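To start, the structure under review is shown below, and the notes come after it.
Please treat every number below as a calculation from the coordinates, not as lab data. Quick caveat: nothing in here was measured; it's all calculated off a predicted structure. Because the Cβ atoms are built from the backbone with ideal geometry, glycine has one as well, and the counts that use them run over all protein chains shown.
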Amino acid sequence: MAFSPEYRTYPRASAATTAAVLDAGLRAYMLRVYNWMTSGLLLTGIVAYVIAHTGLIDAFYPMVQTPMGPAHHATGLAMLAMFAPLGFVLVLSFGVNKLSTTAVQALFWLFCAAMGASLTSIFLIYTDASIVRVFFITAATFAAMSIYGYTTKTDLTRFGSFLMMGLIGIIIASVVNMFVGSTALQFAVSVIGVLVFTGLTAFDTQRIKASYVQYAYAEGVELAGKRSVFDALSLYLNFINLFMLLLQLLGNRNNN
């Protein structure tokens, strides 16, 4: 028995419609993730700049007299600011399924503000002009790799284990260098770190895209809202780490 044209075309039309809806939802979700990440970076930058260029800097890095002359000294508040972001990341990572969407969003904003406070010292070490220049270099690099991760047909999951091993190696080498103080080791860590976080940017972008396609119809609005914040956090951390490593390589230090 021959099928009518309507029955022959209906499955293809339905599949095309489903694909179009999924693609539109994916674009909207990725836009939400990038908006969260961008707004978080903006808040971080504002907090860091305000603290560094107002009297608040004395609460974090007051000027003290040392045998080598006047120098900024990190206070307990500065040390707290350095480790506070780690606490927020742990809470978000292990409590994302138990917390409400509002709580997750609030923790994200607090994390970004705490990260801004922890990055205040870069304005004491590097010139404002070089910080701005490196920021735009980071933004261009991040955008290029994120676009690549979103559009490439290559499965980047096979590189995940290598990237994670590289990340662990960077952390270990950085801790060791805190005691050794080797400029050569620091340079190597910065170069390898740039490569690792450049790769992680593409890897995480593809992972976020694949996760949306997998769970688009399985999760509700509440879970999708929390996941968008958590995905933004992953990209945010890649950007911040890439920026800091490039700043160590390309930043111009202050004379004072």
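Annotations for the structure displayed:
- Applying 0.36 nm per residue to the separation of Leu56 and Tyr148 and subtracting their alpha-carbon distance, the gain on full extension is 29.1 nm.
- Net dipole in debye of segment 126-229 [+1 Lys, Arg Cβ; -1 Asp, Glu Cβ; about Cα centre; nearest 20]: 160 debye
- Only one residue of Leu31, Ala20, Gly199 has its Cα farthest out toward the positive end of the dipole of segment 5-250, where Lys and Arg carry +1 and Asp and Glu -1 on Cβ, and that residue is Ala20.
- Ranked by how many other Cβ atoms sit within 10 Å of their own Cβ, fewest first, the residues Leu110, Leu249 fall in the order Leu249, Leu110.
- Among Ala103, Thr141, Ser118 the positive-end extreme of the charge dipole of segment 5-250 (Cβ point charges): Thr141
- Shape of segment 5-250, Cα gyration tensor, a/c cut at 1.5: prolate
- Total charge dipole magnitude, segment 5-250, about the Cα centre, Cβ charges on Lys, Arg, Asp, Glu only, Debye to nearest 20: 520 debye
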